[in-house]
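Reviewing the structure listed below.
The values are calculated or read from the model by the stated rules, or taken from the named source; none is laboratory data. Predicted model only: the values in this text are computed from it and were never measured. Reconstructed Cβ throughout: ideal geometry from the backbone, glycine too, with neighbour counts over all protein chains shown.
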Amino acid sequence: MIISASRRTDIPAFHMEWMMNRLRAGYCLVRNPMVGNVVYRIDLNPKNVDAIIFVSKNPAPAVPHLKEIASMGHLALFQVTITPYGRDMEPRVPFKADVADAFKAISDRLGADRMIWRYDPIILNDRYDLEFHRRKFELLCRELEGYTNRCTFSFLEMYGKLQKHRDVLRSVSHAEMDAMAEMMVPIAERYGMSLSYCCGKYDLSRWGVEPRGCIDRQYMRKLGIPFEEMNSPLREGCRCVKNIDIGSYDTCGHDCLYCYANRSDGSDRAAKIYDPEGEMLYGKLEEGDTVVPLLGRDMPRLEDYFDYTQYGNVSRMG
């Protein structure tokens, strides 16, 4: 079983105390984001967890806990997003030099093969043009040389919530995608990094860019981590193997303009209950909840617990 911590929020940056308490307890509870009265009890016993993937824009709070996580018997991997944008796009992300320092500190302890750098998403506009990315991408490659051997990227997609920011955000054309790939590949190679394209819908193979998942079979095989194939992709173009996300939407404090994981405004998020001692990242079990145990690699049949067919495509992994 592979644990994702998390695509829905930044657990290392904002919820690391909760994460450590749940690892010590050996389980956590996660509410299904689509069916509110279904709660998963996820086994976090290291005997049943093959790897924990920490996904973060600020992994510094995780650094003091790496030794304890390893002593428990957990294999920790990190995917760290470092982009060149300013406060207009990422108002509460720490200074990128500090994020890079934390990245390198973790790499020194875990090894470069357990670190993935995310240059994601690629935004193109009047301020962040191709020449801007050329300069900043090489600067970041130089900074992270030797601390990772893989960089994964994607291009901004203009889903519904982003339409209100059309003055600064827009879709990236195929010609621009080609130009970015042509520019990035030789730079990455110069610093010992391979480039991969996350959830790619446009073919960039002519530039030597491979479409890969962020938690993909090649990476798992390279590290000797057991995995299962995903029953259905998380979204179009996703090539990830099966993993269980233990995060909760609307609980990230970075407030990035392009974020998909915060679906409400800041006042809503501030009202959510965060208890580092709680079984859930926020909230608690309520009357009428159905608790579905996820123990090791045994994925339960949801139909044994409730009539889920009325909800359409409901994730078995929350």
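Tabulated values for the structure
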| quantity | calculated |
| --- | --- |
| Which listed residue is within 17 Å of residue 81 (Cβ to Cβ) and either surrounded by 13 or more Cβ atoms within 10 Å (Cβ to Cβ) or not hydrophobic (A, V, I, L, M, F, W, C) (or both), from 187, 123 | 123 |
| Single unsatisfied condition, residue 176 versus (1) within 21 Å of residue 261 (Cβ to Cβ); (2) not in a loop (DSSP other than H, G, I, E, B); (3) not hydrophobic (A, V, I, L, M, F, W, C) | (1) |
| Residue that is nearest to residue 116 (Cα to Cα) [pool: residues in region 68-85 that are over 18 Å from the mean Cα position of the chain (by Cα) and free of Cβ contacts under 8 Å to residues at least 40 places away in the same chain] | 70 |
| Flag for residue 169 being modelled with pLDDT under 95, over 30 Å from residue 107 (Cα atoms), among the hydrophobic types (A, V, I, L, M, F, W, C) and buried (at least 17 other Cβ atoms within 10 Å of the Cβ) | no |
| Number of the condition not met by residue 83 [criteria: (1) surrounded by fewer than 22 Cβ atoms within 10 Å (Cβ to Cβ); (2) farther than 25 Å from residue 227 by Cβ; (3) hydroxyl-bearing (Ser, Thr, Tyr)] | (1) |
| Among (1) over 24 Å from residue 52 (Cβ atoms); (2) modelled with pLDDT of 60 or more; (3) crowded, with 16+ Cβ neighbours inside 10 Å, the one test that residue 263 misses | (3) |
| Complete set of residues in region 3-31 that are surrounded by fewer than 21 Cβ atoms within 10 Å (Cβ to Cβ), in contact (Cβ under 8 Å) with a residue 40 or more places away in the chain and not in a helix (DSSP H, G or I) | 7, 27, 29 |
| Residues located in region 205-242, provided they are modelled with pLDDT of 85 or more, part of a loop (DSSP other than H, G, I, E, B) and touching an Asp or Glu at 6+ places or on another chain (Cβ under 7 Å) | 225, 226, 241, 242 |
| Selection from region 243-263 of residues that are in contact with a strand residue (DSSP E or B) (Cβ under 7 Å, 6 or more places away or on another chain) and part of a loop (DSSP other than H, G, I, E, B) | 243, 246, 247, 248, 251, 258 |
| Residue selected from region 32-62 under the condition in a strand (DSSP E or B) and within 30 Å of residue 98 (Cβ to Cβ), by the criterion farthest from the chain's Cα centre (by Cα) | 51 |
| Of residues in region 71-129 being in a helix (DSSP H, G or I) and among the small types (Gly, Ala, Ser), the one farthest from residue 176 (Cα to Cα) | 71 |
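Listed here are the residues, each with its yes/no results for (1) in contact (Cβ under 8 Å) with a residue 12 or more places away in the chain; (2) closer than 25 Å to residue 10 by Cβ; (3) in contact with a Leu (Cβ under 9 Å, 6 or more places away or on another chain).
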{"site": "151", "(1), (2), (3)": "yes, yes, yes"}
{"site": "154", "(1), (2), (3)": "yes, yes, no"}
{"site": "175", "(1), (2), (3)": "no, no, no"}
{"site": "181", "(1), (2), (3)": "yes, no, yes"}
{"site": "197", "(1), (2), (3)": "yes, yes, yes"}
{"site": "209", "(1), (2), (3)": "yes, no, yes"}
{"site": "223", "(1), (2), (3)": "yes, yes, yes"}
